[in-house]
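> Please find one structure pasted underneath; my questions will follow.
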Amino acid sequence: MPNYLLAIQQPDGPAPDQQTMSRIVSELRALNQELRDSGSWVFTGGLLPADTATVVRPDAMITDGPYAEGKEHIGGIWVITAPDLDVALGWARKAAAATTLPIEVRPFRDAEPF
């Protein structure tokens, strides 16, 4: 089955209040368990804020901060396996509901060596 990346599009700015975060964390735990139980879960991880990023460019230049200036960044990811894009989008809808944020869905290339 193909693998898909589900990326949380996190807005820059302060985190939600504690009550909202508690609800989000609870819903994310339930979603992650549902993914595991279904056999779709491969990997998940939350990321630290974008200002902790370091970018390495091909010319060996290294800079602090995110690659591009923007109003949002990737806040966390899932890598899932799903039989097709429609199923992956179903998981993304659940992730968007749990996080209250947009979720980008991207299929991985076939596992062919470069």
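> Select from region 31-65 the residues that are among the charged types (D, E, K, R) and part of a helix (DSSP H, G or I) and write down the one among them that is modelled with the lowest pLDDT. Reasoning before the result, please.
First, the residues of region 31-65 that are among the charged types (D, E, K, R): 34, 36-37, 51, 57, 59, 64.
Filter once more, keeping what is part of a helix (DSSP H, G or I): 34, 36-37, 51.
Values: Glu34: 98, Arg36: 98, Asp37: 98, Asp51: 82.
Among those that are among the charged types (D, E, K, R) and part of a helix (DSSP H, G or I), it is Asp51.
> Would you please name the residue that is nearest to the chain's Cα centre (by Cα), looking only at residues in region 1-30 that are assigned to a loop (DSSP other than H, G, I, E, B) and of a type in the set (A, V, I, L, M)? Lay out the reasoning, then the answer.
As a first pass, look at region 1-30 and keep what is assigned to a loop (DSSP other than H, G, I, E, B): 1-2, 12-17.
Filter once more, so that each one left must be of a type in the set (A, V, I, L, M): 1, 15.
On the way: Met1: 20, Ala15: 16 Å.
This residue is Ala15.
> Of (1) modelled with pLDDT of 95 or more; (2) in contact with a strand residue (DSSP E or B) (Cβ under 7 Å, 6 or more places away or on another chain); (3) of a type outside the set (Val, Ile, Thr), His73 satisfies all except one. Which?
Failing condition for His73: (1).
The values are calculated or read from the model by the stated rules, or taken from the named source; none is laboratory data. None of these values were measured; they are calculated from a predicted model. Every residue, glycine among them, receives a Cβ derived from its backbone with ideal geometry; neighbour counts consider all protein chains shown.
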